[in-house]
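For reference, the structure is listed below as structure tokens.
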Amino acid sequence: MRISIITPSFQQAAYLEECIASVNDQGADVEHIVADGGSTDGSKAIIERNADKFTWWCCEKDKGQSEAINKGLAHVTGDVFTWVNSDDALLPNALVRVQEVFSA
């Protein structure tokens, strides 16, 4: 079972790297999608540096978090999806537990 994680972001460069790592290090079948609203704080460089970890990403002006999530939803392929804001981080193996629960 694949989990799709969408990360909406805007001007969150200080937190973005930790968020990306927390999703990437889950040890589960996860696709990560990042939709940045056109940040000017260095977020785009962080996203580009980590582009190989994403199924899809964009850095373009949007109308806020809901539009960013909807952009991401257009690209998900997982059986389950959620979003993790760019200033949040997942606990280790959190998504392994989610997979176990949904598989049961």
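Based on DSSP H runs of at least 4 residues, each adding -39500 (n - 2.57), what is the mean residue ellipticity at 222 nm of the chain after dividing by all its residues, to the nearest 500 deg cm²/dmol? Rounded to the nearest 500, it is -10500 deg cm²/dmol.
Within the assembled protein chains, the solvent-accessible surface assigned to GLU48 is about 100 Å², based on a 1.4 Å probe. Listed by chain and number, the aspartates and glutamates whose C-alpha is less than 12 Å from the C-alpha of LYS53, apart from same-chain residues fewer than 8 away, are GLU17, ASP25, GLU31. Beta-bridge orientation, the chain: approximately 0 percent antiparallel, per DSSP, counting only bridges with both partners inside.
Using +1 on the beta carbon of Lys and Arg, -1 on that of Asp and Glu, and nothing else charged, what's the dipole of the chain about the Cα centre, debye to 20?
Working: 8 positive and 16 negative charges, 35 e Å.
Approximately 160 debye in magnitude.
Run down the aspartates and glutamates and flag those whose C-alpha is under 15 Å from the C-alpha of LYS63, throwing out any fewer than 8 positions away in its chain. By straight Cα distance, LYS63 reaches ASP36.
Heavy-atom accessible area, probed at 1.4 angstrom with all protein chains present, ranks TRP56, TRP83 as TRP83, TRP56, highest first. So, in Å, what gap is there between the alpha-carbon centers of the stretch 46-104 and the stretch 15-39? The distance from the Cα centre of the stretch 46-104 to that of the stretch 15-39 comes to 6 Å. With θ taken as phi - 60° and the Karplus curve 6.51 cos²θ - 1.76 cosθ + 1.60 applied, the whole-hertz 3J(HN,Hα) list for the stretch 45-51 is 5, 5, 4, 4, 5, 9, 3 Hz, x standing for glycine and proline. Close amide-amide hydrogen proximity is noted between GLY38 and GLU60, each under 5 Å apart and 5 or more residues distant or on a separate chain (H modeled in the peptide plane; Pro and chain starts excluded).
The values are calculated or read from the model by the stated rules, or taken from the named source; none is laboratory data. In this text the structure is predicted, and so the values were computed from the model without any measurement. Cβ atoms come from the backbone with ideal geometry, glycine included; neighbour counts cover every protein chain shown. Please note that ligands, DNA and RNA were not included when accessible areas were found on the heavy atoms of the full protein model with its side chains. Shrake-Rupley method; radii C 1.70, N 1.55, O 1.52, S 1.80 Å.
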